[in-house]
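This report refers to the structure that appears directly beneath it.
A short reminder: the numbers here are calculations on the coordinates, not readings from a lab. Because the structure is a prediction, the values reported are computed rather than measured. Here the Cβ is made from the backbone with ideal geometry for all residues, glycine too, and neighbour counts use every protein chain on show.
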Amino acid sequence: MGDNAPGGPSKRQDVKVPINEERSFTGQSTRFDNVKPKKVALDYEDELIKIQIDRKEVDANRELLLDQRDVGLYNDIRKYIEEHPRASLVEIIENFEKYPTSDAIAKVMKDYGYPDYIIKYKKDDKMKLKRDNFERLLLHSGLILEEEEDPILECIYIKVFTPFEKLCEQAKIIKLKMRLNPRELPKIESDPPRRGFFHPITKYFVYKVNFNKQSAVFKRGPLREFEGASPDKSIGDIVLNFFPTSRRILMTHRILITANQISRKTKDDDGKPLIVKKTIKSLAIKKLVDDGIFMDYYPLHDGSPIVTNNLPLEQMNLRAQLIKLWIPPGGGQPLDKIRLYFGEKVALYFAWLGFYTSWLSIASVVGTIVVIYGLLEYHVFHSGKENDFSIIWDNALTAPFAFFMAVWSTCFLETWKRYNASIAYDWDVSDYEREELPRPEFYGTDTKKSPITLKKEIHFPYRERVKKLVISGFVVSISVLIVIVSVTILLLAPKLWIKLGSYTSWITAAANLVIMFFMSMLYTYVAGWLTNFENQRTNTSYEDSLIIKTYFFDFVNSYTGIIYILVFKERFIKNIINQKGITGCDYSSCMLDLTIQLSVIFVGKQFFGQFNEIIWPWLRSVLYKDSLRDEFLAMEAKYKDNVGVTRTEEPQWSKDGKLYSACGYERSDIEEMVVQFGFISLFGIAFPLVPLLAWVNNILEIRFDAIKFLTSLQRPIGLQAQDIGMFENILGFVSILSVLSNALVIAFHSTWMRNKFIKMYGEDENQILVARLVFILLFENLVFFVKLVFAYLIPDLPKEIKIAMDREQYLSKLALEGEQPALDEYLSPSKDDSSIFEDGEIKLPQIRRIAEENV
């Protein structure tokens, strides 16, 4: 069933794709790009030829897509299966192990149910040419493709299988670090590091790691040195199981998004070899999806999430294991399994969320004590006025609570850095950002000699980058201005409902919450567009840039109303309302207004988040339960009735195609938590129960997010990361800013503190103002001093981890580079040097030369 023309070329040299427009790797159109590297010859070593797709029918609904180099191998494998119908997949792989694509072709022939990636499209002959061109690019990249028609949805699934050798090639390119087989290394004894004075405290802040692990950057040559490829394992077992599914997904995804980049060899006039790179933007997979050529592309979950209770845990697929271990309340998080299934980036989010929630439990206890003390004070001293209610959180413990929260945030951040360093070491991503490759979307407009390799590389000039950043900053400023205008409208709004009394603050806070949600949804798209426009070089810099913009907007969007009450309301609002008997804050208490605003916004954001993630999907499943059941039953019956289809139930790729994309969810989730941290740190003393509410919310959030990632979302790409990125710097900034914020709240809005000032200095407002400023100065200096002390006493990198990292580097050299183990050293106790001198001349040990030993 091949579509190749008779007498076509049987040998492939490169790919030639019919396209409307090609763009060079610098992002410039080749139609108008006459700029070539100096002294580049026009004749290329790599000739461009057209690749023909050879289609082989596997059964009634499935076709295998091959390039012509693999047709002979396919015929040999098919013949072998016909002669050995009971041969297992492992046996077929081992019989054809010398052929690079044999394992992927064998998977198609044996109807292997878990391809490395899925691309989905609707039948449409008008778009066939572009689809065929992209398939040619994938075949040219070394992938094996299988197309299967969906019998009910009338769409086609392209199942992408990545050969083992191609995975090894990608692992080398991305410098993937993997565990070494410990049996292949000599045992090395080392003295444990000394325990410092603060070890009884700091030992609880370290992630428990395996100090005996040995890892190294992957190399194909010494494959048997790596864990999972020990000498006792067969080649078939290694090919199928050496790379975990999350790693296969990561590397296959990279092949898919870089398939439209073509490199060709040429020479300059001096005969020096050069590489000319081009990217075909019209055939980028993201653009093909946006243009409707393809419907979607996504990796697969490991299988059904249904837990079989009578089945041992180790016999379940990893998805079901996580459902059983992770979802039930009361248990810990199986971080190693989360990392193995989702990759380091998602696993780090859950590690950070669990660590943050644990620290919230301490703040929750202290905040609850403050409220209990306030309730006792209210019961004794309240006079029946509505403003007396603020005694519950505005009392003698308010200032100590503010001091505690400042120290708490510092300890949390410093211990997280240690925890993160331990995780990065244990997960082999400590050097990830240093080794990170450029994004496929990155383009340059020039070339520049690398100071490291001394070779010319694609370069995006600093001047062009500054231009883009200025434009981006201008758009961000306009967006923030719109938020400030919306808050200004709210400043005027109380004049409309001031007669409602105490409900004024509640209505204003609720209106602010609604505007906040609307602006947040709008700005999410603006921030994404601006970050794409900036042309960031790596995924890490792209994420950091996006995080800065979204958080800056969230900061203004979430905190402006509270900051307005904190700084401006008491001074300006009575002039706006212009009614007698009304002060700047309702009933002369800005602390009460601050508490109302904080509680409405904080609780409202948490409720909206849980509604969007849990309640709405549940309501949707209930509302569409009958239609979804009918669709599932019809599809299942269709599969059973279809002639030639061996499976009798809906396949995994069809189930996962109905799920939502997981792209960006971990970033938005952690950003939500960072905004929450800001509410707690900046304004928590206005409502001491905020840490408790956050703690309860986060306990639920961990389980709900686990359910979401395992059942409601498509499987995320197993992206790597060594930390939480720019969020860590933002947390540090918020922690420092919280000192000033808490000092202002206590000095200017605490009724209890004002009464103390009056007792000390009388009713003189000038003296009270001086006292407030002195308090702010003393409070800030004391808190900053304590924060610096704790930051110094809690080092970011545990000494044990530093020793383990150096030891691992040494052991990897022994295993992969053939170095000899170091010998023990012994210090001679003898002080008599007479034995090494003769007649005043020194005698030295004889050194044998290599040449002499080989004679």
Problem - Two-site label geometry, Val470 and Glu780: point separation in nm, points 7 Å out along Cα→Cβ - result: 3.4
Handout entry: Distance (nanometres) between label positions extended 7 Å along Cα→Cβ at Lys449 and Gln315
Key = 6.6
Handout entry: Within-9-Å neighbourhood charge of Asp796 [Cβ basis; K, R +1; D, E -1]
Key = +1
Problem - Pairwise FRET efficiency - Thr368 versus Asp76, Cβ, R0 = 51 Å, nearest 0.05 - result: 0.10
Problem - Order by protection proxy (mean Cβ within 10 Å, highest first), peptides 59-69, 226-236, 346-356 - result: 346-356, 59-69, 226-236
Exercise for the section: Provide the FRET efficiency to the nearest 0.05 for the Ile615-Ile489 pair, computing r from the beta carbons and using R0 = 41 Å. Expected result: 0.85
Practice task
List Ser545, Ser558 from most exposed to least, where exposure is judged by having the fewest other Cβ atoms within 10 Å.
Solution key: Ser545, Ser558
Fill in the blank from the handout: Here FRET efficiency (C-beta to C-beta, Lys655 to Asp111, R₀ 22 Å, nearest 0.05) is 0.80
Practice task
Kindly flag which residue pairs out of Lys128/Lys281; Lys345/Lys787; Lys50/Lys278; Lys175/Lys272; Lys233/Lys813 have an alpha-carbon separation exceeding 22 Å in this structure.
Solution key: Lys345/Lys787; Lys175/Lys272; Lys233/Lys813
Problem - Out-of-range pairs (alpha-carbon distance over 26 Å; input Lys122/Lys658; Lys120/Lys219; Lys287/Lys448) - result: Lys120/Lys219; Lys287/Lys448
Practice task
May I ask you to compute the full-extension gain from His84 to Asn212, defined as 0.36 nm times their residue separation minus their alpha-carbon distance, rounded to one decimal in nm?
Solution key: 41.6 nm
Exercise for the section: Take each of the peptides 686-692, 73-79, 250-256, average the number of other beta-carbon atoms within 10 Å over its residues, and list them starting from the highest. Expected result: 686-692, 250-256, 73-79
Exercise for the section: Could I have the simple spin-label model distance between Ile699 and Leu481, label points 7 Å from Cα toward Cβ, reported in nm to one decimal? Expected result: 4.7
Handout entry: Ordering of 85-94, 106-115, 460-469 by burial proxy (mean other Cβ atoms within 10 Å per residue, highest first)
Key = 106-115, 85-94, 460-469
